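Enquirer: Quick one: this structure, given as structure tokens, is what I'll be asking you about.
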Amino acid sequence: MTTPCVPAVVFDLDGTLADTATDIRRALNRALALDDLPPIDLSTVRLMIGGGPRLLVTRALQKLGADTGQYAIDRLTDIFYDEYLRQENVESRLFDGAKTCLDQLRSAGTRIGLCSNKPDKLCQKLLSDLGVANYFDVIQGSSTGLPRKPDPAPLLKIIERLGSSPAATLYIGDSKTDVLAARAAGVPVVLVSYGYTARPAAELGADRVYDSLADIAGPPPLAISA
């Protein structure tokens with residue numbers, strides 16, 4: 001059965017639209033080095049991404065067996081944020097099919113939003129560096145005072161800002177966190193198969209899984225088969 005086309009789409013960012021793990025690792029390892037802590041390899045960092053900078057730092061400290069007290073986490077989170085904001089996103093890139101998907105959505109008149117656990121400034125800088133910020137009607141990071149995903153509040157807020165409703169919006173992500181947020185918000189959700197998750201996307205409970213974002217939007221846009 002095919003659902004009607006939806007007028008609004010909300011994307012996750014890291015692991016969904018853009019492969020950012022290498023740049024995130026660079027900033028994280030510089031922050032760790034300032035505390036005389038060893039670097040973390042890329043494959044491990046990929047699986048730490050998704051909950052925002054503080055959770056990333058917490059996971060890193062736990063992995064290294066370092067101090068995970070509140071002061072240590074807060075301090076290193078601030079250092080990581082400054083390092084990441086200062087550096088250029090030189091190694092981050094859009095995943096194959098992402099630009100095609102955004103072009104198709106824009107041509108169809110679909111409202112496009114971004115809902116990320118990444119802080120607002122980092123979202124804006126990354127999308128600008130990737131040359132796609134202008135595709136988005138609303139860009140919402142985690143600097144809003146709302147709880148982070150998987151709480152549904154940030155997703156519901158961006159849907160409101162897009163002038164849509166949960167039933168008339170599709171959420172596109174890459175992780176269990178995205179599925180939980182969408183389900184709690186009453187929003188249809190699809191995942192990409194290549195994201196930052198230890199479990200295969202097909203096992204995470206989404207309505208559908210795609211190997212490329214280019215396969216999601218096309219004429220007619222966003223017809224989701226279940």
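The values are calculated or read from the model by the stated rules, or taken from the named source; none is laboratory data. What you see is a predicted model, and the numbers here were worked out from it, not measured in a lab. Heads up, the Cβs are rebuilt from the backbone with ideal geometry, glycines too, and the neighbour counts pull from every protein chain shown.
Enquirer: For the stretch 52-83, give me each residue that is without any contact (Cβ under 8 Å) to a residue 40 or more places away in the chain and not in a helix (DSSP H, G or I).
Expert: Selection gives Gly65, Ala66, Asp67, Thr68, Gly69.
Enquirer: Tell me which of these Glu160 doesn't satisfy, since it passes every other one: (1) surrounded by fewer than 23 Cβ atoms within 10 Å (Cβ to Cβ); (2) touching a Pro at 6+ places or on another chain (Cβ under 9 Å); (3) more than 23 Å from Asp96 (Cα to Cα).
Expert: Going through (1) surrounded by fewer than 23 Cβ atoms within 10 Å (Cβ to Cβ); (2) touching a Pro at 6+ places or on another chain (Cβ under 9 Å); (3) more than 23 Å from Asp96 (Cα to Cα) one by one, Glu160 breaks only (2).
Enquirer: Could you tell me whether Thr177 is modelled with pLDDT under 95 and either basic (Lys, Arg) or under 16 Å from Leu13 (Cβ atoms) (or both)?
Expert: Values: modelled with pLDDT under 95: no; either basic (Lys, Arg) or under 16 Å from Leu13 (Cβ atoms) (or both): yes.
Considered against the rule, which asks whether it is modelled with pLDDT under 95 and either basic (Lys, Arg) or under 16 Å from Leu13 (Cβ atoms) (or both), Thr177 comes out as no.
Enquirer: Separate question: Could you grab me the full set of residues in the stretch 84-102 that are in a helix (DSSP H, G or I), of a type outside the set (Lys, Arg) and either buried (at least 17 other Cβ atoms within 10 Å of the Cβ) or at pLDDT 95 or above (or both)? Lay out the reasoning, then the answer.
Expert: Just the residues of the stretch 84-102 that are in a helix (DSSP H, G or I), to begin with: 84-86, 98-102.
Of the ones still in play, those that are also of a type outside the set (Lys, Arg) are 84-85, 98, 100-102.
Scanning the stretch 84-102 gives Tyr84, Ala98, Thr100, Cys101, Leu102.
Enquirer: Can I ask one more? Kindly list the number of the only condition in (1) over 23 Å from Tyr194 (Cα atoms); (2) free of Cβ contacts under 8 Å to residues at least 60 places away in the same chain that fails for Asp129.
Expert: Result: Asp129 fails condition (1) only.
Enquirer: Out of the residues in the stretch 24-55 that are closer than 30 Å to Ala167 by Cα and crowded, with 23+ Cβ neighbours inside 10 Å, state the one that is modelled with the lowest pLDDT.
Expert: Gly50
Enquirer: Looking at the stretch 187-200 only, could you name the residues that are touching a Lys or Arg at 6+ places or on another chain (Cβ under 8 Å) and either assigned by TED's automatic domain parsing to the domain that holds Leu42 or not aliphatic (A, V, I, L, M) (or both)?
Expert: If the condition is that a residue be touching a Lys or Arg at 6+ places or on another chain (Cβ under 8 Å) and either assigned by TED's automatic domain parsing to the domain that holds Leu42 or not aliphatic (A, V, I, L, M) (or both), then Tyr196, Thr197, Arg199 are the ones that fit.
Enquirer: Report every pair of residues separated by at least 6 positions or lying on different chains whose Cβ atoms are under 9 Å apart, first residue within the stretch 113-126 and closer than 14 Å to Ile24 by Cα, second in a strand (DSSP E or B) and among the charged types (D, E, K, R).
Expert: Short answer, once both residue conditions are applied: Asn117/Asp14; Lys118/Asp14; Leu126/Asp14.
Enquirer: Working only within the stretch 197-219, note down all residues that are surrounded by 21 or more Cβ atoms within 10 Å (Cβ to Cβ) and of a type outside the set (Val, Ile, Thr).
Expert: Ala201, Ala206, Leu213, Ala217
Enquirer: Checking the structure you have, find out if any residue of the stretch 136-144 is at pLDDT 95 or above, buried (at least 17 other Cβ atoms within 10 Å of the Cβ) and among the β-branched types (Val, Ile, Thr).
Expert: Scanning the stretch 136-144, I find at least one residue that is at pLDDT 95 or above, buried (at least 17 other Cβ atoms within 10 Å of the Cβ) and among the β-branched types (Val, Ile, Thr), so the answer is yes.
Enquirer: Taking the stated definitions as given, is Asp35 farther than 30 Å from Ile112 by Cα and in contact (Cβ under 8 Å) with a residue 12 or more places away in the chain?
Expert: Against the criterion (farther than 30 Å from Ile112 by Cα and in contact (Cβ under 8 Å) with a residue 12 or more places away in the chain), Asp35 qualifies.
Enquirer: Can you find, within the stretch 103-135, the residue that is surrounded by the most Cβ atoms within 10 Å (Cβ to Cβ) among those that are among the charged types (D, E, K, R) and over 13 Å from the mean Cα position of the chain (by Cα)?
Expert: The residue in question is Arg111.
Enquirer: Taking the criterion of being in a helix (DSSP H, G or I), modelled with pLDDT of 95 or more and in contact with a helix residue (DSSP H, G or I) (Cβ under 6 Å, 6 or more places away or on another chain), would at least one residue in the stretch 9-23 satisfy it? Lay out the reasoning, then the answer.
Expert: Looking only at the stretch 9-23, we keep the residues that are in a helix (DSSP H, G or I), and these are 21-23.
Then drop every residue that is not modelled with pLDDT of 95 or more, which leaves 21-23.
This time we only want the ones that are in contact with a helix residue (DSSP H, G or I) (Cβ under 6 Å, 6 or more places away or on another chain), so: 21.
Yes - at least one qualifying residue is present in the stretch 9-23.
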